[in-house]
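K.L.:
Encoded as structure tokens, here's the structure I'll be asking about.
The values are calculated or read from the model by the stated rules, or taken from the named source; none is laboratory data. Please read all numbers here as calculations on a predicted model, not as lab measurements. Every residue, glycine as well, gets a Cβ built from its backbone with ideal geometry; the counts of neighbours run over all protein chains shown. We work out accessible area using only protein heavy atoms, side chains counted, and drop any ligands, DNA or RNA first. Shrake-Rupley method; radii C 1.70, N 1.55, O 1.52, S 1.80 Å.
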Amino acid sequence: MTRATILLCAALFLAGAVLPLHSADHNVYQRLGTAQVQALIPAPKRTVIDLSGPWQREINGSAAGTAQIPSSEELANRIVYKRSVRIEGSTLQNHSWQLQFFGVSDEVELRINGRFVLRYPGGLIPFTARIPERILTSGTNTIELAVSPAGEKTQLIDAFGRSSKKMTMGIVREVFLVGTPHVWTNDVKTTVSIASNRSSASVAVSATVFGGNVDRLINRDGSGDALANDKVPVTVEAILTAPNGSVVATSGATTVVTERARQTTTSFQLGLQSPILWSTANPALYTVTIRVAHNGSVIDEFSHPVGIRSVRITTLERGRGMQLNDSNIIISGVEYVEEYPNLGPSMSWRQMEQDVAMMKTLGINVVRFRHGSPHPYFLHLCDKYGLMVFAELPAADIPEGLLEHEEVTARLRNAAERLVSYADSHPAVIAYGVSDGIGEGTATAAAFHGQLVKTLRAGGSKLLYKVVTAGCLPKVSEGGFDIIMARFTTVDERARLQSLLQGLQRTVRTAAILTNFGAVVSPANMNGFSDPLSNEAQAVSLRDCYKTSISSGMAGCIVWSFNDYTLEKPTMLVDHYDAYTCTSGLVDVWRQPRVSYSMLKSLVNDEKEPLLQARDYSPDTPLVFIVTGIVLALVLTFLVNRSRRFREYVLRAVLRPYNFYADIRDQRILSTIQTTILGAVIASCLGLVVASLVFFLRTDPDVEYLLHLLLPSNLAYGILRAIAWQPALSLFVCSAVVLLILLAIAVILRVGAMFVRGRIYYRDTLTIAVWSALPLVVLLPIGIALYKMLSTDAMSLWVPVIIGLIVCWFIFRMLRATAVVFDAPPLVVYGIGAFLILCTAGITFWMYSARYDLIDFLTFYVNVVSA
């Protein structure tokens, strides 16, 4: 064997060993490395202990083994995580301590060594919890984190939101135990202003200096007077460093007097000449470093990235648009959900880097975080690599009846304040989203938006936007917003995109308009773009909406979504093996690109579009429906022609129902076999109609929202979804359910017969139930042609009315037959029947309303979803 052959074999062996390990890196959580921690906690004077790893866990008060942190869990009443950390005495004394959370799902309660420290609302926004003195001890310390889910109303809103991400709870992101100097700073805010000719710029810096155990600083220098007053003077200065590492501006030292457990805010103004501007093409980052010194020695340093850039909405030739650094820019963005298989929202930093690399390859310039604020490391990557960020509040699809609920308003107000504190100084963040899919044109919605806009304007400096669904665009109010994002997600909305945008442009005068569109796909569907659920159809829809948006003078567009993600509720809009996966992504959950990824890449970068095939697709009625209808017709024909008595029964039941049911009362027994066969045929006729209806409506997102309200159980909806995509199974299940309903009606009538004098048996009540339903056989030809009939607008309105009238006819016949057989006054039977029906419907509606706020969500469905 030659040397070259040996080297080649060795290289192949190493590649085979290394590549699987590298690909597996994304499937398991990887701790942040030293470089990543330094980027997120840029303070070299601090002791940082990463608490990622196994923690002891209790769920609802019972021990549940260990859990990895960060990670996400299924919803529970309360999850408690415990871990021991050892701190040496010298390390403990030389620092003040805090826990730094990168993101907790909802409320978290912190206890250390059994002592309560704080309770915080969480909400996936980073925060810091200061640990009071003397709670930590030298040696082993126990940290306890108790996580509680969101409030009842918040959970309902998140559960019923359209395409809502799966709700989880837990310590979703990293937690660090950080030892700071006894005087430190980490709350740094910057505001940039640029001269009109771009020759100079200034950076206003606000830094908060915190005082911890300041007496320990004094003990080291022996200042007795200062110790008596518990005050320590320190000097604070700001240093601005250029992208190449050179110092371009310093503020000079400012003396600040610090006290134990107090904080002081100091401000600086840094100027620089010929600034290098931050942009998506050249994301040049300056660094402002806050340096704290005591007696000439630096005791703390904290750095923060600064991007010298300006963003504004202005009038362009094509309409209201956006300018970055006074240059026109068309927004090309994607929605992004932080999620990866086996990890959920607790993504590895390596996967974040891969996602950002794929986005940069795609050529987009904006990332919209629809389901929560971005991870600090992802935001760091956006700052570094030039991706502008739309961060928004968790205010999606809230019914008007809940907009004024104290739980909802308090949560969003707190979230707005914390989002501004977290994201406002990042150059990548250019806009805050206030709401998504909330109704328009009401005083309640206007007041809701006005309060949040006021909060965000008071503390932040970013543009503000809201997302408005297509049905609410005619009633849209600008209300002080800089951007109106119009959402088009259904086939009908995308088909009317141009006309809707023209109407919106006449309504909106000062805000820029962005479009938000996307389509779900059946991942294995390669039938060509003539099939609306195919991969090619998603690409064509994206292309048409993108070109229409740009040609109509929009400021840009945001595509829903970059990646597939897990849903809170199952969906039957697509045929996919996982009912809980939203397949709207340009890439799937494993980040494998679809053809729509290539299509968007070609549109954004003005490249050649990918070749697409139409193929041959026609939405015909499933063959099993046609065959079943023919078989049922043959069975009915056979029964009528085979038995003269059965033919007479049919004629009398329809034309002379009183005499027919009087025979039952007088114990003139009908054939039980014929009744049973007829019942099966009637059940199959109605089952055929229901199965056809389910099959036709299975891909309608408006119907899915309504079904989620009426079937809040994920198990029940999952069963419905399973049969909706299998016509034969659907037909069998629907027919069986109708037959069971007929049998149940017979049982109820038999129970009612116990209160009358006549001798009435179950076979009699079964006869009443079955033969009263005889008009339902009229539905047979409707069931065969229903799929095609619903495809036409005219028939789609009349068919439900006809079906409803026939069902009402059946109920009336059943009550009339009951009156005859029971020998009871008809009005009494009608009254009892109506009372039972109304009571059943009323109690069910009341229970749903009490538990699920059904009235509010149904109102939202009428006014927003189906508008």
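K.L.:
Can you find, among Pro570, Pro532, Leu504, the residue sitting farthest towards the positive end of the charge dipole of the stretch 313-605, where Lys and Arg contribute +1 and Asp and Glu -1 at Cβ?
P.N.:
Leu504
K.L.:
Sorted by mean Cβ packing within 10 Å, highest first, what order do the peptides 292-299, 361-368 take? Numbers along the way, then the final one.
P.N.:
Details: 292-299: 15.0, 361-368: 22.0.
My ranking of the peptides, most packed first, is 361-368, 292-299.
K.L.:
Could I ask something else about it? Before I look further, what does the stretch 313-605 give for accessible area per residue, probe 1.4 Å, in whole square angstrom? Could you put the intermediate results ahead of the total?
P.N.:
Numbers: 9070 Å² over 293 residues.
Roughly 31 Å² per residue, with all protein chains present.
K.L.:
Still on this model: How far apart, in nm, are the 7 Å Cα→Cβ label points at Thr361 and Ala64?
P.N.:
Taking the two extended label points, one gets 3.8 nm.
K.L.:
Something else: Counting only protein heavy atoms, what percent of the accessible surface of the stretch 623-824 is carbon or sulfur at a 1.4 Å probe? Walk me through the intermediate numbers first.
P.N.:
Details: 7180 of 10040 Å².
C and S fraction of accessible area: 72 percent.
K.L.:
Under a 5 Å amide H to amide H cut-off, with H placed in plane at 1.01 Å, what residues pair with Val337 once short-range neighbours are removed?
P.N.:
Correct list: Phe562, Asn563.
K.L.:
What lysines could a cross-link reach from Lys231, if we take a straight Cα to Cα line under 30 Å and drop same-chain neighbours fewer than 8 places away?
P.N.:
Cα-Cα hits under 30 Å: Lys45, Lys189.
K.L.:
So, how do all the Cα-to-Cα distances of the stretch 66-113 break down into 10 Å bins, in percent, from 0 on up?
P.N.:
With 10 Å bins starting at 0, P(r) equals 15, 50, 25, 9, 0.
K.L.:
Then there's this: Is there a quick way to get the dipole size of the chain? I mean about its Cα centre, with the Cβ of Lys and Arg at +1 and of Asp and Glu at -1; what is the value in debye to the nearest 20? Don't skip to the answer; put the middle values down first.
P.N.:
Details: 75 positive and 69 negative charges, 282 e Å.
With Lys and Arg at +1 and Asp and Glu at -1, about 1360 debye.
K.L.:
On to the next question. Given H placed 1.01 Å from N in the peptide plane, which residues other than close sequence neighbours of Leu316 have an amide H under 5 Å from its amide H?
P.N.:
Answer set, sorted by chain and number: Gly321.
K.L.:
Moving on. With labels modelled as points extended 7 Å from the Cα through the Cβ direction, what inter-label distance (nm, one decimal) is found for Tyr385 paired with Ser849?
P.N.:
5.2 nm
K.L.:
Using a 1.4 Å probe, what is the accessible area per residue for the stretch 676-834, in Å²? Show your work: numbers first, answer last.
P.N.:
On the way: 7340 Å² over 159 residues.
Per residue, the stretch 676-834 has an accessible area of 46 Å².
K.L.:
Another question, then. Sorted by packing (mean other beta-carbon atoms within 10 Å per residue), highest first, where do 521-534, 689-702 land? Walk me through the numbers on the way to the answer.
P.N.:
Numbers: 521-534: 19.4, 689-702: 21.3.
Packing order, densest peptide first, comes out as 689-702, 521-534.
K.L.:
Now, a different point. For the stretch 34-180, what % of the accessible area comes from carbon and sulfur atoms, probe 1.4 Å?
P.N.:
Numbers: 2590 of 5740 Å².
After summing per-atom areas, the C and S share lands at 45 percent.
K.L.:
Moving on. Could you give the dipole magnitude of the stretch 34-180 about its Cα centre, charging the beta-carbon of Lys and Arg +1 and that of Asp and Glu -1, in debye to the nearest 20?
P.N.:
Numbers: 17 positive and 13 negative charges, 40 e Å.
In total the dipole reaches around 200 debye.
K.L.:
Residue farthest toward the positive end of the dipole of the chain, with Cβ of Lys/Arg at +1 and Asp/Glu at -1: which of Cys582, Leu623, Ile550?
P.N.:
About the Cα centre, the residue reaching furthest to the positive side is Leu623.
K.L.:
Hey, can you find the accessible area per residue of the stretch 175-310 for me, probe 1.4 Å, expressed in square angstrom? Provide the component values of the computation, followed by the final result.
P.N.:
Details: 5640 Å² over 136 residues.
Accessible area per residue: 41 Å².
K.L.:
Convert each backbone phi in the stretch 708-721 into a coupling constant with the Karplus relation 6.51 cos²θ - 1.76 cosθ + 1.60 (shift: θ = phi - 60°), then list the ³J(HN,Hα) values in order as whole Hz, x for Gly and Pro.
P.N.:
Running phi through 6.51 cos²θ - 1.76 cosθ + 1.60 with θ = phi - 60° gives 5, 5, 7, 10, x, 6, 5, 5, 5, 5, x, 5, 4, 5 Hz.
K.L.:
Which distance in Å, rounded to a whole number, links the C-alpha centroids of the stretch 717-745 and the stretch 377-430?
P.N.:
With the stretch 717-745 and the stretch 377-430 each reduced to a Cα centre, they are spaced 44 Å.
K.L.:
Which value in Å does the Kirkwood hydrodynamic radius of the stretch 623-824 take, with 1/r averaged over all unlike C-alpha pairs and then inverted? If you can, show how the numbers build up before the last one.
P.N.:
Working: mean 1/r = 0.0554 Å⁻¹.
For the stretch 623-824, the Kirkwood estimate is 18.1 Å.
K.L.:
Using 30 Å as the Cα-Cα cut-off, could you pick out the over-long pairs in Lys165/Lys475; Lys360/Lys569; Lys165/Lys608? Each step should come with its number before you reach the end.
P.N.:
Numbers: Lys165/Lys475 28 Å; Lys360/Lys569 32 Å; Lys165/Lys608 34 Å.
Cα-Cα > 30 Å for Lys360/Lys569; Lys165/Lys608; rest within.
K.L.:
Mind grabbing the base-10 log of I(q)/I(0) for the stretch 756-856 at q = 0.16, 0.17, 0.18 Å⁻¹? Debye formula, identical points on the C-alpha positions, no solvent, two decimal places.
P.N.:
Log10 of I(q)/I(0), two decimals: -0.91, -0.95, -0.98.
K.L.:
From the phi angles alone, apply the Karplus equation (6.51, -1.76, 1.60; θ = phi - 60°) to the stretch 673-685 and give each ³J(HN,Hα) in whole Hz, x where the residue is Gly or Pro.
P.N.:
Coupling constants for the stretch 673-685: 5, 5, 5, 5, 5, 4, x, 5, 5, 4, 4, 5, 4 Hz.
K.L.:
Report, for the chain, the % of DSSP beta bridges that are antiparallel, rounded to 5. Walk me through the numbers on the way to the answer.
P.N.:
Values: 107 of 145 bridges.
Percent antiparallel among DSSP bridges in the chain is about 75.
K.L.:
Quick one: which residues, 5+ away or cross-chain, put their amide H under 5 Å from the amide H of Ala64? H built at 1.01 Å from N.
P.N.:
Arg57, Glu58, Ile59
K.L.:
Do the sum for the chain: with -39,500 (n - 2.57) for every DSSP H run of n ≥ 4, divided by all residues, what is the mean residue ellipticity at 222 nm, to the nearest 500 deg cm²/dmol?
P.N.:
Numbers: 26 runs with 360 residues, N = 867.
The per-residue figure over the chain is -13500 deg cm²/dmol.
K.L.:
So what J values fall out for the stretch 417-428 if you push phi through Karplus, 6.51 cos²θ - 1.76 cosθ + 1.60 with θ = phi - 60°, rounded to Hz, Gly and Pro as x?
P.N.:
So the J values, rounded to whole Hz, are 5, 6, 5, 4, 4, 7, 9, 5, 8, 7, x, 5.
K.L.:
Sort out for me the Cα centre separation of the stretch 88-126 from the stretch 460-529, rounded to whole Å.
P.N.:
Here the answer is 41 Å between Cα centres.
K.L.:
Sort largest first and round to whole Å: the equivalent ellipsoid semi-axes of the stretch 291-396, each the square root of five times a Cα gyration tensor eigenvalue. Intermediate results must be reported in sequence, preceding the final value.
P.N.:
On the way: eigenvalues 168, 115, 35 Å².
Calculated on Cα positions only, the semi-axes equal 29, 24, 13 Å.
K.L.:
What base-10 log of the normalised intensity I(q)/I(0) is obtained for the stretch 125-259 from the Debye formula, alpha carbons as equal point scatterers, at q = 0.09, 0.14, 0.16, 0.21 Å⁻¹?
P.N.:
Values, matching the q order: -0.55, -0.96, -1.03, -1.29.
K.L.:
Using the alpha-carbon centroid of each, what span in Å lies between the stretch 132-196 and the stretch 564-608?
P.N.:
Distance between centres, Cα-based: 30 Å.
K.L.:
Can I ask one more? Lys153: which aspartates and glutamates have alpha carbons under 16 Å from its alpha carbon, excluding same-chain residues fewer than 8 sequence positions away?
P.N.:
Within reach: Asp106, Glu107, Asp397, Glu400, Glu404, Glu406, Glu407, Glu568, Asp853, Asp856.
K.L.:
Averaged over every viewing direction, what's the projected area of the C-alpha convex hull for the stretch 34-180? Give it in nm², one decimal, please.
P.N.:
Working: hull surface 37.7 nm².
Its average projected convex-hull area is 9.4 nm².
K.L.:
Let me ask another. In whole percent, how big is the carbon plus sulfur part of the accessible area of the stretch 313-605, probe 1.4 Å, protein atoms only?
P.N.:
On the way: 4500 of 9070 Å².
Its accessible area is 50 percent carbon and sulfur atoms.
K.L.:
Next question. For the stretch 428-476, take the convex hull of the Cα atoms, compute a quarter of its surface area, and give me that in nm², please.
P.N.:
On the way: hull surface 14.4 nm².
For the stretch 428-476, the mean projected area of the Cα convex hull comes to 3.6 nm².
K.L.:
Additional query: Quick one: compute a quarter of the convex hull surface over the Cα atoms of the chain and quote it in nm². Mind showing how you got there, number by number?
P.N.:
On the way: hull surface 195.9 nm².
Seen from a random direction, the Cα hull of the chain projects 49.0 nm² on average.
K.L.:
Taking loop as defined by DSSP and a crowding limit of 10 other beta carbons within 10 Å, which GluC sites (Glu not before Pro) in the stretch 19-117 fit? Let's see the in-between values first.
P.N.:
Details: sites: Glu58, Glu73, Glu74, Glu88, Glu107, Glu109; in loops: Glu74, Glu88.
Taking the stretch 19-117 and a limit of 10 other Cβ atoms within 10 Å, the loop GluC sites (Glu not before Pro) found are Glu88.
K.L.:
Okay, moving on. Considering the dipole of the chain built from charges on the beta carbon (Lys and Arg +1, Asp and Glu -1) around the Cα centre, which of Thr469, Ala415, Ala43 is farthest to its positive end?
P.N.:
Result: Thr469.
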